[in-house]
1. What are the residues in region 73-101 that are in contact with a strand residue (DSSP E or B) (Cβ under 8 Å, 6 or more places away or on another chain) and part of a loop (DSSP other than H, G, I, E, B), if any?
2. Right, L70: assigned to a loop (DSSP other than H, G, I, E, B), aliphatic (A, V, I, L, M) and closer than 23 Å to Y6 by Cβ or not?
3. Provide a single number: the residues in region 119-135 that are assigned to a loop (DSSP other than H, G, I, E, B) and either touching a helix residue (DSSP H, G or I) at 6+ places or on another chain (Cβ under 9 Å) or closer than 18 Å to G81 by Cα (or both).
4. Test of understanding: among S108, S98, S120, which residue is of a type in the set (G, A, S) and surrounded by 14 or more Cβ atoms within 10 Å (Cβ to Cβ)?
5. Which members of region 1-16 meet the condition of being in contact with a strand residue (DSSP E or B) (Cβ under 8 Å, 6 or more places away or on another chain) and more than 14 Å from F62 (Cβ to Cβ)?
6. Show me the strands (runs of 3 or more DSSP E) found entirely inside region 1-59 where at least 3 residues are in contact with a Leu (Cβ under 9 Å, 6 or more places away or on another chain), modelled with pLDDT of 95 or more and more than 20 Å from G113 (Cα to Cα).
7. Just checking, how many residues over region 84-95 are under 20 Å from Y12 (Cβ atoms) and surrounded by fewer than 17 Cβ atoms within 10 Å (Cβ to Cβ)?
8. Using the structure shown, decide if R136 is basic (K, R), touching a residue at least 12 places away in the same chain (Cβ under 8 Å) and surrounded by fewer than 16 Cβ atoms within 10 Å (Cβ to Cβ).
Amino acid sequence: MTLTGYKLVNYYNGNTEVEDKYVLALDDVTIPANSTYILINAQANATLQAVAGQTSSYVINFNGDDAVVLTYNDVVVDIIGVYGEKPEVGYWTVGDGSTKDHTLVRVSTVNQGNATFTASEWVSYAQDNFDSLGQR
């Protein structure tokens, strides 16, 4: 699958507009069948960097109160967080955890994106849990 037209956007701190550095165009990415593509923060450790397809210091950098949006031709196809909202407590609740200092993994029965953040579609694990990294 080629990701031409896809972008990952970090709407930090409730913003509804972002600078270009918070937009990661995925036009040059091709994902082979039955594979995954891993994006990580540029300051991640060497182990994670070794499996990453791409790094970013701005888009892959959030603290729990940022909406991270996947778009296709500028239409939202998936989101974590709520666009245009900065939660008062600094995060959104997800199961027993939150979007702050936790690892979020999509529930296995969800097989497509959702343009509206739905916390029940995610499972929250302890911070830095990489057990599901790269799995489909």
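The values are calculated or read from the model by the stated rules, or taken from the named source; none is laboratory data. Only a predicted model underlies this, so the values are computations on that prediction, with no experimental measurement involved. Because the Cβ atoms are built from the backbone with ideal geometry, glycine has one as well, and the counts that use them run over all protein chains shown.
1. Hits for region 73-101 are D74, G81, V82, Y83, G84, E85, Y91, W92, G95, D96, T99.
2. no
3. Of the residues in region 119-135, 4 are assigned to a loop (DSSP other than H, G, I, E, B) and either touching a helix residue (DSSP H, G or I) at 6+ places or on another chain (Cβ under 9 Å) or closer than 18 Å to G81 by Cα (or both).
4. S98
5. The answer is M1, T2, L3, G5, Y6, K7.
6. Once the strands (runs of 3 or more DSSP E) in region 1-59 are filtered for at least 3 residues that are in contact with a Leu (Cβ under 9 Å, 6 or more places away or on another chain), modelled with pLDDT of 95 or more and more than 20 Å from G113 (Cα to Cα), nothing remains.
7. Final tally of qualifying residues: 8.
8. yes
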